[in-house]
Amino acid sequence: MELEKEQAVVNLVKEAFEDAEADVQRARRVRIKIAPNRVFPLVAFLKANGFNHFVTITAVDWIKDGEIELIYHLWSYTRKVHVMVKTRIPRDGGKMPTLKPLFNQAETYERDVHEFFGVYFEGNEKLDRDFILEDWDGPPPMRKDFDTRRFAAEFYGQEDIESDLLKLKIQPYKGKLMQ
């Protein structure tokens, strides 16, 4: 039977977390959807069952739904399976507990998601900014309501953001390539 190891992970999760939606996406890929308050126990369970490589945290702004979706990526070297743990929190005032007690490197990924999407991770003491100016009071820049053109106009003091530089047309290269 194909996808046996992936289905074994799905079954393992469903036995321990009846409230989780788990399915096989394709070879080496499993997706799990769970409530925000169940993410920490689920990730702890996965770590105890061989998913000991915390890859990253990504986020998606579902502006029409008023939610931010967090996707935690874990890998098991023994099972050779990648797991995506998905959850959704409110877009405004959304909070999640930090995963730093489980994976120290979660601190950095949580800081990035906090800075670019505005998600607060309770227990993470290092949610300071790395990229955005300290006095920035606009929306987080990866949210769909962030206006890049307005920001550029305000930040760079440019009245006409449709400058000649932005209208530059790239022409095909007509020179000789080095051999």
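Points to keep in mind about this one:
- In the stretch 15-130, counting only strands (runs of 3 or more DSSP E) that sit wholly within it, the ones holding 2 or more residues that are among the basic types (K, R) span 29-33, 81-90.
- Hits in the stretch 15-39 (condition: farther than 18 Å from A59 by Cβ, loosely packed, with under 15 Cβ neighbours inside 10 Å and either touching a Lys or Arg at 6+ places or on another chain (Cβ under 9 Å) or of a type in the set (G, A, S) (or both)): A16, D19, E21, D23, Q25, A27
- First in the stretch 59-71 and surrounded by 12 or more Cβ atoms within 10 Å (Cβ to Cβ), second anywhere and hydrophobic (A, V, I, L, M, F, W, C) and not in a strand (DSSP E or B), Cβ under 6 Å, 6 or more apart: A59/V113; A59/F117; I68/F117; I68/V119
- Consider the stretch 90-109 and keep the residues that are charged (D, E, K, R) and crowded, with 17+ Cβ neighbours inside 10 Å. The one that is nearest to V60 (Cα to Cα) is R91.
- For the stretch 85-113, a residue qualifies if it is within 10 Å of the chain's Cα centre (by Cα) and more than 28 Å from E134 (Cβ to Cβ), and exactly one does: K86.
- From the list A48, A59, A106, the one residue that fits, being among the small types (G, A, S) and under 26 Å from D147 (Cβ atoms), is A59.
- Long-range neighbours under 6 Å by Cβ, at least six apart or interchain, first residue in contact (Cβ under 8 Å) with a residue 24 or more places away in the chain within the stretch 20-35, second among the hydroxyl-bearing types (S, T, Y) and crowded, with 16+ Cβ neighbours inside 10 Å: I34/T87
- Meets criteria (aromatic (F, W, Y), closer than 19 Å to E67 by Cβ, more than 17 Å from the chain's Cα centre (by Cα) and surrounded by 14 or more Cβ atoms within 10 Å (Cβ to Cβ)) for F116: no
- Check on T87, closer than 26 Å to N11 by Cβ, at pLDDT 95 or above and surrounded by fewer than 19 Cβ atoms within 10 Å (Cβ to Cβ): no
The values are calculated or read from the model by the stated rules, or taken from the named source; none is laboratory data. Just so we're clear, the structure is a prediction, and the values are computed from it rather than from any experiment. So basically every Cβ, Gly included, is an ideal-geometry build from the backbone, and we count neighbours across all protein chains shown.
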